[in-house]
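The values are calculated or read from the model by the stated rules, or taken from the named source; none is laboratory data. Predicted model, so just to flag it, every value in this text is computed and none were measured. When we count neighbours, we look across all protein chains shown, and the Cβ atoms used for this are built from the backbone with ideal geometry, even at glycine. All accessible areas refer to the heavy atoms of the entire protein, side chains included, with ligands and DNA or RNA removed. Shrake-Rupley method; radii C 1.70, N 1.55, O 1.52, S 1.80 Å.
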Amino acid sequence: HDAAQALYHFVWNDLCDWYLEASKSALYDTANKTQREATQWTLLETLKTTLKLLHPFLPFITEEIWQVLPGEKSETIMRESYPTSPKHFRFEEEARHVELLKETVTAIRNIRGENNVPPGQKINAIITSKEKTPLQILSSLRTTLVNLAGIGDLTIDANLQQPEKAATALVGPLHIFIPYEGLIDEEAERVRLTKEITRAEGEI
């Protein structure tokens, strides 16, 4: 049960919700062939490994998918060795960068959801902090951040002031501001926040 749950959450949350969505910009970038092919290779190798992991739970569907995969592979997935975990994970720093990206995207998505902003509507975002390192990390992942969070105009810089009318979120040392003039119904937001305050006071 624990293994099945771990695989389910990996496929649904990590692979599909995050990596597959993040990889689209590279897959659609016809100008950067090297990056596109590297992304395709990573997706294929991840899918092959995932199918091997899933095979004891879903033997027929994994075999069916295995037969139509491109590239070199054995005659049947049943002849494949079960994957083993590497002794050392070589990308600790990159993993921390991605976690910061995911937390930032989630915070922005939460603001969108709370204020009923349609998924297809672009928003403007301002991200600031007193610390330079997290800002540098997000700047290096700017394209992915913009695509995943549905951002139209993104400003990333140190010690920026909060706009007068903006929804806010905190991610560690980062301050995220989403200007809402013309985007959010201010009266509806005031009512929602009042209800939240009342609920919180009741719980206290």
* Return the residue satisfying two criteria in turn: it lies in segment 139-148 and is in contact (Cβ under 8 Å) with a residue 60 or more places away in the chain and polar (S, T, N, Q), and of such residues it is surrounded by the most Cβ atoms within 10 Å (Cβ to Cβ). => T144
* Checking Q136 against (1) exposed (fewer than 15 other Cβ atoms within 10 Å of the Cβ); (2) at pLDDT below 95, the condition it does not meet -> (2)
* Determine whether segment 106-122 contains at least one residue that is closer than 30 Å to L53 by Cβ, open to solvent by 70 Å² or more (accessible area, probe 1.4 Å) and touching a helix residue (DSSP H, G or I) at 6+ places or on another chain (Cβ under 8 Å). => yes
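Does segment 176-198 contain at least one residue that is closer than 16 Å to L101 by Cβ and touching a strand residue (DSSP E or B) at 6+ places or on another chain (Cβ under 6 Å)?
yes
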* Asked: From the list E63, E103, E92, which one is surrounded by 12 or more Cβ atoms within 10 Å (Cβ to Cβ) and either without any contact (Cβ under 8 Å) to a residue 60 or more places away in the chain or hydrophobic (A, V, I, L, M, F, W, C) (or both)?
  -> E63
* Structure fact -> Exception for T84 within (1) within 23 Å of the chain's Cα centre (by Cα); (2) hydroxyl-bearing (S, T, Y); (3) open to solvent by 70 Å² or more (accessible area, probe 1.4 Å) falls at (1)
* Asked: Out of (1) modelled with pLDDT of 90 or more; (2) outside any helix (DSSP H, G or I); (3) in contact with a Phe, Trp or Tyr (Cβ under 8 Å, 6 or more places away or on another chain), what's the single condition that is false for K73?
  -> (1)
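Looking at segment 122-139, can you tell me whether even one residue there is in a loop (DSSP other than H, G, I, E, B) and within 24 Å of E187 (Cα to Cα)?
Yes: segment 122-139 contains one or more residues that are in a loop (DSSP other than H, G, I, E, B) and within 24 Å of E187 (Cα to Cα).
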